[in-house]
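These notes are about the structure you will find just below.
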Amino acid sequence: MGRITEVIKHLVIINVIFFIAPQLMPNLGLENLFALYFPENPKFGFWQFLTHMFMHGGFAHILFNMYGLWAFGTPLEQMWGRNKFLFFYFSAGLGAGAIYTLVNYYQFNGVYEQLMNLGLSSTDIQSILDTGSYNNQILEHISSQTLNEFYAIYHSPAVGASGAIYGVLVAFGMAFPNAKLALIFFPVPIAAKYFIPLIILSDLFFGMTKYSIGNVAHFAHVGGAIIGFIIAWYWKQNQFKRWN
């Protein structure tokens, strides 16, 4: 780790600015502008695939992400150089947003088709999405939890650099597999080659089940990890030097 590198320093500064600005100027609605909304939501903008990486939901959220960026990104930037690290970081973050959105599309469209098959019109379904209210007869066919998730996908934006950080984490594990890592709630040091797959599998488990704690975009984490693995593996196999 050591001294913070230039790229990471500037990324941290930009993230802090994006974190503070909405609190200083709440009337501007910067969260609605920069967070990543579901594409069917009127608040969605294509630029949000990039800007959501700089938005965070709270102090703990940005603190842990920026710590991860510094701790795991520093040796990667020192090894790869500025341009290569920036390409990697933004690729992982954009890929995380894209995969997260694709998973949401799959889940959303599945419920949408169920509602259509029950005889609801597109106007009826939009009313459910706008108001959160529905005829209780629907519950004979679709659970309230499923309908609540349907509503949440439409309205809840994704924020944070976590997807990009997961990509960085995977690349760090591939470059330094024997480095010892530990979590706050599991403070026993474990080699990165075991530790990192464990937390990614945990995200995959929580994303595919109902056991998630809090509003966490698990598939954004998994998406960033996948993109990070693909790029880092390709570079390692081909000794890719173009971005230095």
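For segment 1-59, taking the residues that are in contact with a helix residue (DSSP H, G or I) (Cβ under 7 Å, 6 or more places away or on another chain), of a type in the set (A, V, I, L, M) and not in a helix (DSSP H, G or I), the one that is farthest from THR123 (Cα to Cα) is identified as MET1.
Among residues belonging to segment 82-140 that are hydroxyl-bearing (Ser, Thr, Tyr) and closer than 18 Å to TYR37 by Cα, point out the one that is nearest to the chain's Cα centre (by Cα). Before the answer, list the steps.
Step one: list which residues in segment 82-140 are hydroxyl-bearing (Ser, Thr, Tyr), which gives 89, 91, 100-101, 105-106, 112, 121-123, 127, 131, 133-134.
Filter again for closer than 18 Å to TYR37 by Cα, leaving 100-101, 105-106, 112, 131.
Details: TYR100: 7, THR101: 10, TYR105: 15, TYR106: 17, TYR112: 24, THR131: 27 Å.
Applying the filter and picking the extreme gives TYR100.
The condition of being small (Gly, Ala, Ser), at pLDDT 85 or above and either assigned to a helix (DSSP H, G or I) or out of contact with any helix residue (DSSP H, G or I) (no Cβ under 7 Å at 6 or more places or on another chain) (or both) holds for GLY224. Every test in (1) touching a residue at least 12 places away in the same chain (Cβ under 8 Å); (2) surrounded by fewer than 19 Cβ atoms within 10 Å (Cβ to Cβ); (3) not hydrophobic (A, V, I, L, M, F, W, C) is passed by ASN15 save one, and that test is (2).
Scanning segment 141-174 for residues that are farther than 29 Å from ASN32 by Cβ and without any contact (Cβ under 8 Å) to a residue 12 or more places away in the chain yields one hit, SER143. Of the residues making up segment 107-134, those that are touching a helix residue (DSSP H, G or I) at 6+ places or on another chain (Cβ under 9 Å) and not in a helix (DSSP H, G or I) are LEU118, LEU120, GLY132, SER133, TYR134. Condition (residue is closer than 17 Å to MET174 by Cα and at pLDDT 95 or above) applied to segment 111-119: is it met by at least one residue? No, every residue in segment 111-119 fails to be closer than 17 Å to MET174 by Cα and at pLDDT 95 or above.
The values are calculated or read from the model by the stated rules, or taken from the named source; none is laboratory data. Because the structure is predicted, anything quoted here is derived from the model rather than measured. Glycine also receives a Cβ, built like all others from the backbone with ideal geometry; neighbour counts cover every protein chain displayed.
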